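Undergrad: Have a look at this one.
The values are calculated or read from the model by the stated rules, or taken from the named source; none is laboratory data. Computed from a predicted structure; not experimentally measured. Heads up, the Cβs are rebuilt from the backbone with ideal geometry, glycines too, and the neighbour counts pull from every protein chain shown.
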Amino acid sequence: MPSVQSVLVVGAGAAGTAAAILLAEAGVSVDLIDVKPDVGAVGSGITLQGNALRVFRQLGVWPEVEAAGYSFDSLGLRAPDPAGTLVAEIPDARTGGPDLPATVGMYRPELARILVTRAADVGAKVRFGTSCTGFAQDDDGVTASFEDGTSARYDLVIGADGVHSATRQQLGIELETRSTGMGIWRVFAPRPASVTRTDLVYGGRCYIAGYCPTGEDTLYAYLVETAQDRSGLSPQESLDVMRDLAASYHGPWDDIRESLVDPERVNYTWFETHVLEAPWNRGRIVLIGDAVHACPPTLAQGAAQALEDAAVLSELLLSHEHVTDQLWEELIERRYDRARSVVEASNQLGQWLLDGEQGDVPALMGRMAQMLSQPA
Ligand SMILES: Cc1cc2nc3c(=O)[nH]c(=O)nc-3n(C[C@H](O)[C@H](O)[C@H](O)COP(=O)(O)OP(=O)(O)OC[C@H]3O[C@@H](n4cnc5c(N)ncnc54)[C@H](O)[C@@H]3O)c2cc1C
């Protein structure tokens, strides 16, 4: 008998849906709630590395992810010159194993739809547009109160509600989330035929100008600048800023820039980071994903780490007979150092750019690829 029979998962992002799928599939009664009104909220693209794909296979969604996304095995580096010269083509490590591509680009709302549909198919009860107002727990379980005035009792609560986790705050856990000093413009746009993998340009008017194919017809493109207050800009002004910054990049960027016409597709956000010291649980409430470790997407590992948390936590909950301190210690043993290393490496890559320093990027990437090739 597994250690839990009923679980509430707060947050239907990568971490929450993955935990819900694995637990519900094993016969645990799972309620999965999200404060968003529905699954198909607006979004841009996401880059998923092999170690994320390995978890998708475990969740039973890899065939759908593969069909909906765009797979590739190398990274291009281009110069910020008038030709957008390709200066290097680097084979990407297949961190999920030799039978999975190194990388898949995807449209975020499509990935969310696949994960939430799978969670519901394996028996999780999914509710959008709701959140918890508080918890009361004892040695045997947790009573969660919901916004609509109802409450329910669970063996365990998983707080997977993202970087500004309300669950974390309700537990009274103090954690400083800081800006790394960079802001990113992102846009979802048509894919020119010349874009068949991620290409990055370091330098020019931005720290990084990049794009990633997300399907046969689509890509997302991004420009990373010094973090600044862009909140006063209208959608049209945001589009104008992005087009202006993009004007200094060429090669495939020339086609991408011409396709930037829909102001509603442009998004701006800052990079944020934190790592919560162990433990990640308070009694029978445990936090996973961005709620405990957040990093800038310089390694494109945030979602992958969130998925790995969910896979390891579910494995432990299903293989242990009781929720004990030993279970929580095993979670930290398998997850803390790995997630912290990813956050530190992601921050380091950004800091080198901010400082204009030539860090040893290949060595750092090599170290990370080696670590992430080992299952979590
Ligand atoms: C600009 C940017 C680009 C990124 N690009 C990549 C990338 O290419 N590849 C990659 O691997 N990672 C990327 N990341 C990181 C990645 O998005 C996160 O690491 C990942 O989404 C974390 O998953 P999560 O499930 O922990 O949290 P989230 O995806 O944030 O999900 C949390 C969920 O909780 C819900 N929620 C919030 N509050 C409540 C509440 N009170 N009650 C109920 N529900 C609530 C939210 O609606 C949300 O659905 C990027 C991050 C940023 C900022």
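Undergrad: Quick one: is V266 of a type in the set (V, I, T), under 16 Å from A160 (Cα atoms) and in contact with a helix residue (DSSP H, G or I) (Cβ under 8 Å, 6 or more places away or on another chain)? Walk me through how you get there before you give the answer.
TA: Details: of a type in the set (V, I, T): yes; under 16 Å from A160 (Cα atoms): no; in contact with a helix residue (DSSP H, G or I) (Cβ under 8 Å, 6 or more places away or on another chain): yes.
No, not satisfied.
Undergrad: Are any residues in segment 89-104 closer than 19 Å to L219 by Cβ and within 16 Å of the ligand (Cβ to nearest atom), and if so, which ones?
TA: The answer is D92, P101, A102, T103, V104.
Undergrad: If the Cβ limit is 9 Å and pairs must be 6+ apart or interchain, which residue in segment 275-296 that is within 11 Å of I173 (Cα to Cα) and polar (S, T, N, Q) pairs with which residue that is within 13 Å of the ligand (Cβ to nearest atom) and not in a loop (DSSP other than H, G, I, E, B)?
TA: Cβ pairs passing all conditions: N281/L287.
Undergrad: Restricting attention to segment 270-290, does a residue exist that is assigned to a helix (DSSP H, G or I) and on the phi < 0 side of the Ramachandran plot?
TA: Among the residues of segment 270-290, at least one is assigned to a helix (DSSP H, G or I) and on the phi < 0 side of the Ramachandran plot, which makes the answer yes.
Undergrad: Go through segment 291-323 residue by residue and tally those that are part of a strand (DSSP E or B) and either surrounded by fewer than 24 Cβ atoms within 10 Å (Cβ to Cβ) or within 8 Å of the ligand (Cβ to nearest atom) (or both).
TA: Of the residues in that region, 1 qualify.
Undergrad: Shifting gears a bit: Is at least one residue of segment 72-88 under 29 Å from V187 (Cβ atoms) and either within 11 Å of the ligand (Cβ to nearest atom) or under 16 Å from the mean Cα position of the chain (by Cα) (or both)?
TA: no
Undergrad: Now for a different question. Just to check your reading of the model, which residue among V10, V65, V39, V35 is within 11 Å of the ligand (Cβ to nearest atom), over 16 Å from A124 (Cβ atoms) and of a type in the set (V, I, T)?
TA: Unique residue meeting the criteria: V35.
A quick yes/no check of all residues on (1) in contact with a Lys or Arg (Cβ under 6 Å, 6 or more places away or on another chain); (2) on the phi > 0 side of the Ramachandran plot; (3) crowded, with 18+ Cβ neighbours inside 10 Å:
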residue	(1), (2), (3)
A12	no, no, yes
K36	no, no, no
S44	yes, no, yes
A52	no, no, yes
E66	no, no, no
S74	yes, no, no
R94	no, no, yes
Y107	no, no, yes
I114	no, no, yes
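Undergrad: Is there a residue in segment 279-291 that is under 17 Å from the mean Cα position of the chain (by Cα) and of a type in the set (D, E)?
TA: Among the residues of segment 279-291, at least one is under 17 Å from the mean Cα position of the chain (by Cα) and of a type in the set (D, E), which makes the answer yes.
Undergrad: Please give the strands (runs of 3 or more DSSP E) falling wholly within segment 1-113 in which 1 or more residues are over 17 Å from V195 (Cα atoms).
TA: Counting at least 1 such residues, we get 6-10, 29-34, 45-49.
Undergrad: Ok, one more. Which members of segment 359-376 meet the condition of being free of Cβ contacts under 8 Å to residues at least 60 places away in the same chain and not in a helix (DSSP H, G or I)?
TA: G359, D360, Q374, listed by residue number.
Undergrad: Working carefully through the options G105, G84, G96, find the one that is closer than 22 Å to P296 by Cα, in contact with a strand residue (DSSP E or B) (Cβ under 7 Å, 6 or more places away or on another chain) and not charged (D, E, K, R). Working first, answer last.
TA: Working: G84 fails: closer than 22 Å to P296 by Cα; G96 fails: in contact with a strand residue (DSSP E or B) (Cβ under 7 Å, 6 or more places away or on another chain).
None of the others qualify; the one that does is G105.
Undergrad: Check E89 against each of (1) more than 30 Å from F146 (Cβ to Cβ); (2) buried (at least 24 other Cβ atoms within 10 Å of the Cβ); (3) of a type in the set (D, E, K, R) and name the one condition it does not meet.
TA: (2)
Undergrad: Suppose we filter G162, G181, G172 for residues that are crowded, with 18+ Cβ neighbours inside 10 Å and small (G, A, S); which single one remains?
TA: Just one listed residue meets the conditions, G162.
Undergrad: If we keep just the residues of segment 281-290 that are away from the ligand (no atom under 12 Å from the Cβ) and of a type outside the set (S, T, N, Q), which is surrounded by the fewest Cβ atoms within 10 Å (Cβ to Cβ)?
TA: In this case the residue turns out to be G283.
Undergrad: Given the residues L245, L327, which is the only one that is touching a Leu at 6+ places or on another chain (Cβ under 6 Å), touching a residue at least 24 places away in the same chain (Cβ under 8 Å), outside the structural domain of V195 (by TED's automatic domain parsing) and more than 10 Å from the ligand (Cβ to nearest atom)? Even if it seems obvious, please write down each step before you answer.
TA: Details: L245 fails: outside the structural domain of V195 (by TED's automatic domain parsing).
Answer to the check: L327.
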